[in-house]
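What follows is a set of notes on a single structure, which appears directly below.
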Amino acid sequence: MSHAAGEPRVIFVQFKCKLGMAYEVAARLVDDIENTPQVYSTSGQFDLIARFHLDALQDPGLFVTEVLQRIEGVAETHTIIGFNAFTPRHKPGA
């Protein structure tokens, strides 16, 4: 996967938290991690999902293992790397 110089990289990380820790983990993500624009609680296998904007040269694997997985209360993570963001097109007559 290649990125143009300076183009930010977007990753989504799902978090499985230790019992009773989901709200504390969410608070740490939004309060302590600078490049965290959104965190959502979720149903299903994981408790939270967050979107992160990384610098083009920042290694997502190191960010996840050395920053996110070290947050107290995080039991497991699953990382999804975003390639393209799609937005609505201009519609004729609109």
Show the residue pairs that are 6+ apart or on different chains and have beta-carbon atoms under 7 Å apart, the first residue being within region 56-75 and without any contact (Cβ under 8 Å) to a residue 60 or more places away in the chain, the second being in a helix (DSSP H, G or I) and among the hydrophobic types (A, V, I, L, M, F, W, C).
Ile71/Val25; Gly73/Val25; Val74/Val25; Val74/Leu68
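Can you say whether Thr42 is modelled with pLDDT under 95 and surrounded by 10 or more Cβ atoms within 10 Å (Cβ to Cβ), as far as the supplied structure shows?
Numbers: modelled with pLDDT under 95: no; surrounded by 10 or more Cβ atoms within 10 Å (Cβ to Cβ): yes.
Against the criterion (modelled with pLDDT under 95 and surrounded by 10 or more Cβ atoms within 10 Å (Cβ to Cβ)), Thr42 does not qualify.
Filter region 36-53 for residues that are in contact (Cβ under 8 Å) with a residue 12 or more places away in the chain, of a type outside the set (S, T, N, Q) and outside any strand (DSSP E or B) and give the result.
Our first condition is that a residue be in contact (Cβ under 8 Å) with a residue 12 or more places away in the chain; within region 36-53, this holds for 36-39, 41-42, 45-53.
Next, from what is left, pick out any that are of a type outside the set (S, T, N, Q): 37, 39, 46-53.
Within region 36-53, Pro37, Phe46, Asp47 qualify.
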Thr65 fails exactly one of the following numbered conditions: (1) at pLDDT below 95; (2) among the β-branched types (Val, Ile, Thr); (3) surrounded by fewer than 17 Cβ atoms within 10 Å (Cβ to Cβ); (4) under 13 Å from the mean Cα position of the chain (by Cα). What is the number of that condition?
(1)
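The values are calculated or read from the model by the stated rules, or taken from the named source; none is laboratory data. Keep in mind that this is a model prediction, so the values were computed, not measured. For neighbour counting, all protein chains shown are included, and Cβ atoms are generated from backbone atoms with ideal geometry for every residue, glycine included.
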